[in-house]
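> The structure follows.
The values are calculated or read from the model by the stated rules, or taken from the named source; none is laboratory data. Just so we're clear, the structure is a prediction, and the values are computed from it rather than from any experiment. Here the Cβ positions follow ideal geometry from the backbone for every residue, glycine too, while neighbour counts run over all protein chains shown. Remember, those area values only see protein heavy atoms, side chains included, never the ligands or the DNA or RNA. Shrake-Rupley method; radii C 1.70, N 1.55, O 1.52, S 1.80 Å.
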Amino acid sequence: MKGSEITEKEEVGVSEKKKIFVAGATGNTGKRIVQQLLAKGFAVKAGVKADVTEGSTKLAEAIGADSDAVICATGFRPSWDLLAPWKVDNFGTVNLVEACRTLGVNKFILISSILVNGAVMGQLLNPAYIVLNVFGLTLIAKLQAEQHIRKSGINYTIIRPGGLKNDPPKGNIVMEPEDTLYEGSISRDQVAEVAVEALIHPEEAAYKVVEIVARTEAPKRSFQEIFGSIKQR
């Protein structure tokens with residue numbers, strides 16, 4: 001099992017080229033993350049042949065000891081298999097985390113979702129919470145994976161976007177602490193941008209769970225500022 005390595009000659013904003021493993025690199029968000037990593041001068045190892053459900057040992061082989069960080073942008077494909085969300089969004093993410101621990105890779109970025117903790121937020125009747133849990137309790141599976149990451153000891157940034165749009169960005173990014181946002185949407189391009197900027201601003205993004213949407217009335221702020229505004233828990 002291998003990750004497919006992608007590099008570009010041009011380097012922008014990264015003094016030392018770091019290698020990033022992207023799980024879910026062929027997905028709608030994952031491919032945007034790959035593009036933006038390359039544009040910022042990172043080397044990318046795209047996990048195109050890495051099946052997150054096959055266990056941490058095989059994933060460790062795909063990630064490799066030369067990777068500096070892992071970005072998880074996986075997601076199950078809707079099917080009649082009600083266990084699919086647990087296999088991918090929970091167990092698959094846990095497998096990636098354990099592979100990182102084995103290799104000593106100490107940065108993990110997860111693309112999750114707002115409303116994962118909807119029950120605690122009092123959003124059980126929120127239509128989005130209901131819809132996203134129809135097929136195999138997807139949000140609950142994601143929350144379980146988040147909890148594993150937070151207990152792992154690995155330096156993490158968990159990004160919870162609102163409804164994902166394939167359209168170009170409309171509005172500026174709004175970033176809030178965990179369990180704050182319960183509505184709103186955001187372009188996948190902006191989600192990818194936040195994931196990459198978490199690597200560029202490691203101190204401000206360390207050990208944080210952030211929720212993001214886009215709003216036309218929101219002011220444009222630097223990523224250092226918006227990551228810095230979120231407190232660690």
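> What order do you get for 207-220, 60-73 when each peptide is scored by the mean count of other beta carbon atoms within 10 Å, highest first?
The packing order, highest mean first, is 60-73, 207-220.
> Obtain the nm distance between the two label points defined at Gln224 and Lys170 by a simple spin-label model: each point lies 7 Å from its Cα along the Cα-to-C-beta direction.
Taking the two extended label points, one gets 3.3 nm.
> Can you work out the FRET efficiency for the pair Ala39 and Glu203, with r the C-beta to C-beta distance and R0 = 22 Å, to the nearest 0.05? It would help to have the intermediate numbers written out before the result.
Numbers: r = 22 Å, r/R0 = 1.01.
Plugging the Cβ-Cβ distance into 1/(1 + (r/R0)^6) gives 0.50.
> Please compute the contact order of the chain in relative form: average sequence separation of alpha-carbon pairs under 8 Å and at least six residues apart, divided by the residue count, as a percent.
So the answer I get is 18 percent.
> Using a 1.4 angstrom probe, figure out how much accessible area the chain has per residue, in square angstrom, rounded to the nearest whole.
48
> Next question. Using DSSP to call loops (not H, G, I, E or B), can you name the chymotrypsin sites (Phe, Trp or Tyr not before Pro) in the stretch 46-115 whose Cβ has at most 10 other Cβ atoms within 10 angstrom?
Answer by residue number: Trp80.
> Next up: So how strong a dipole does the stretch 65-213 carry about its Cα centre when Lys and Arg Cβ are +1 and Asp and Glu Cβ are -1, to the nearest 20 debye?
380
> P(r) for the chain, please, calculated from all Cα pair distances in 5 Å bins and given in %.
For the chain, the binned pair fractions read 1, 7, 15, 20, 22, 18, 11, 5, 2, 0 percent.
> In the structure shown, do any of Lys31/Lys87; Lys58/Lys208; Lys31/Lys165 have a Cα-Cα gap over 26 Å, and if so which?
Lys58/Lys208, as the Cα separations exceed 26 Å there.
> With label points built 7 Å along Cα→Cβ from the Cα atoms of Asn106 and Thr180, find their separation and express it in nm.
With each label point 7 Å from Cα toward Cβ, the separation is 2.8 nm.
> Using a 1.4 angstrom probe on the protein heavy atoms only, could you order Leu103, Leu83, Leu38, Leu132 from most to least accessible area?
In descending accessible area the options line up as Leu83, Leu132, Leu103, Leu38.
> Then there's this: Roughly speaking, to the nearest percent, how much of the chain's 1.4 Å accessible area is carbon and sulfur?
51
> For Val174, what residues show an amide H to amide H distance below 5 Å, using hydrogens built from the backbone and excluding near sequence neighbours?
Under 5 Å from the amide H of Val174: Val213, Ala214, Arg215.
> If packing is taken as the average number of other Cβ atoms within 10 Å across a peptide's residues, how do 23-30, 161-168 rank, most packed first? Intermediate values should be presented prior to the final figure.
On the way: 23-30: 21.5, 161-168: 15.5.
Result, highest mean Cβ count within 10 Å first: 23-30, 161-168.
> Take every DSSP beta bridge with both residues inside the chain and express the antiparallel ones as a percent of the total, to the nearest 5.
Within the chain, antiparallel bridges account for around 25 percent of the total.
> Continuing with this model, one more query. On the principal axes of its Cα set, how long, how wide and how thick is the stretch 144-233? Give whole Å, largest value first.
Sorted from largest, the Cα extents of the stretch 144-233 read 36, 26, 20 Å.
> Sticking with this one: Sort out for me the Cα centre separation of the stretch 48-119 from the stretch 124-193, rounded to whole Å.
Their Cα centres are 15 Å away from one another.
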